[in-house]
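Data first, discussion second: the structure below is written as structure tokens.
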Amino acid sequence: MYKIIDGKKVASEIKKEIAEEVRKLKTAGKKIPHLAAILVGNDGSSETYVANKVKDCEEVGFKSTLIRFGSGITETVLLEKIADLNNDPDVDGFIVQLPLPAHISENKVIEAIDPRKDADGFHPVNIGKMVIGLSGYLPATPYGIVELIRRYCIETSGKNCVVIGRSNIVGRPVSILLSQKGMDATVTVVHSRTKNIKDIIRKADIIIAAIGSPAFVKEDMVKEGAVVIDVGTTRIISHETRSGFKLVGDVDFERVAHKCSYITPVPGGVGPMTRVSLLRNTLIAAKKD
Ligand code: GUN
């Protein structure tokens, strides 16, 4: 029988740990951590993510600020706002929710964020530190995945790990973390140009699915006893929910689960862990002041 990796439960435990740290900071008369989020436009998924991030901040006792811009905002104005946040001593960490409208360069925006306030861990300085194993801010989703694996005591040393997807924010960084000393997995990254992709995935002891293609991972691609981590969160129209939408993962959960030793659900798997990583990065930033 497979075990569910309950990201919601683990995230809630970590939030309690963070809330305790915030209480200690308050008691010691120190500054309360402050996370700011910039949201451009009104993409449905982004709205939900940012609203949840703000809610998380309240739960652990952080201060939070949401800054909204219409989708017509110029790159210059957005870069100016980033400069303001870089220079605001009250803000410990901030994020710019992605994706951005096509006329704004995501790379320029990410590079404009002060690496010391980069709660998402997306800045090239933080990515570089991660690659060579220096301490810095780890990218939120990859850190969340690694923390789930650790807290469930899932063995990674010498295991065959296949990461599906090579995005800058999930696939590529998680492949680096898993191959590092301490995690010691043998990692293969597969993507849209990979030949014999099914055969490669079928050999995996651990599958990290991060391509954003609903139910891409099918029953015949998964080895008996594999660990499956589903990072996909595609928002589809649904009549089953009050909101009219539901989140679907990259794994065909219903048919795949019975073959796994461990599997993450969507929602309630990796998503809550991503949000907790942001809190962790902000707490570290606040403590550095
Ligand atoms: N869009 C999807 N995931 C993320 C994330 O982790 N951070 C930001 N800033 N945008 C995202």
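The values are calculated or read from the model by the stated rules, or taken from the named source; none is laboratory data. Predicted model, so just to flag it, every value in this text is computed and none were measured. Here the Cβ is made from the backbone with ideal geometry for all residues, glycine too, and neighbour counts use every protein chain on show.
Data overview
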{"quantity": "All positions within segment 14-43 that are within 12 Å of the ligand (Cβ to nearest atom) and of a type in the set (D, E)", "calculated": "D43"}
{"quantity": "Yes/no for G165 being touching a residue at least 24 places away in the same chain (Cβ under 8 Å) and on the phi > 0 side of the Ramachandran plot", "calculated": "yes"}
{"quantity": "Check on D90, part of a loop (DSSP other than H, G, I, E, B) and away from the ligand (no atom under 12 Å from the Cβ)", "calculated": "yes"}
{"quantity": "Residue among K8, K24, K53 that is farther than 19 Å from A140 by Cβ and either out of contact with any Phe, Trp or Tyr (no Cβ under 7 Å at 6 or more places or on another chain) or of a type in the set (G, A, S) (or both)", "calculated": "K24"}
{"quantity": "Single match in I236, I207 (criterion: away from the ligand (no atom under 16 Å from the Cβ), within 22 Å of the chain's Cα centre (by Cα) and free of Cβ contacts under 8 Å to residues at least 24 places away in the same chain)", "calculated": "I236"}
{"quantity": "Index of the failed condition, G136 passing every other in (1) under 18 Å from the mean Cα position of the chain (by Cα); (2) modelled with pLDDT of 95 or more; (3) surrounded by fewer than 23 Cβ atoms within 10 Å (Cβ to Cβ)", "calculated": "(2)"}
{"quantity": "Selection from segment 44-78 of residues that are away from the ligand (no atom under 16 Å from the Cβ), of a type outside the set (S, T, N, Q) and not in a loop (DSSP other than H, G, I, E, B)", "calculated": "E58, E59, V60, K63, E75, V77"}
{"quantity": "Tally of residues being of a type in the set (A, V, I, L, M, F, W, C), free of Cβ contacts under 8 Å to residues at least 60 places away in the same chain and in a loop (DSSP other than H, G, I, E, B) across segment 142-158", "calculated": "1"}
{"quantity": "Odd one out for V109 among (1) within 15 Å of the ligand (Cβ to nearest atom); (2) surrounded by fewer than 23 Cβ atoms within 10 Å (Cβ to Cβ); (3) within 30 Å of I263 (Cα to Cα)", "calculated": "(3)"}
{"quantity": "Contacts under 7 angstrom Cβ, first residue in segment 260-280 being in a loop (DSSP other than H, G, I, E, B), partner of a type in the set (D, E, K, R) and crowded, with 23+ Cβ neighbours inside 10 Å, 6 or more apart", "calculated": "T264/D230; V266/D230; G269/D230"}
{"quantity": "Selected residue (criterion: farthest from the ligand (Cβ to nearest atom)) from residues of segment 170-184 that are in a loop (DSSP other than H, G, I, E, B) and within 25 Å of R275 (Cα to Cα)", "calculated": "G182"}
{"quantity": "Residue list for segment 80-99, filter: more than 16 Å from L283 (Cα to Cα), surrounded by fewer than 14 Cβ atoms within 10 Å (Cβ to Cβ) and touching a residue at least 40 places away in the same chain (Cβ under 8 Å)", "calculated": "P99"}
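Results for (1) of a type in the set (A, V, I, L, M, F, W, C); (2) out of contact with any Gly (no Cβ under 7 Å at 6 or more places or on another chain); (3) modelled with pLDDT of 95 or more, shown as yes or no for each residue.
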site: T27; (1), (2), (3): no, yes, yes
site: L35; (1), (2), (3): yes, no, yes
site: I38; (1), (2), (3): yes, yes, yes
site: N42; (1), (2), (3): no, yes, no
site: Y49; (1), (2), (3): no, yes, no
site: D56; (1), (2), (3): no, yes, yes
site: R68; (1), (2), (3): no, yes, yes
site: V77; (1), (2), (3): yes, yes, yes
site: L100; (1), (2), (3): yes, yes, yes
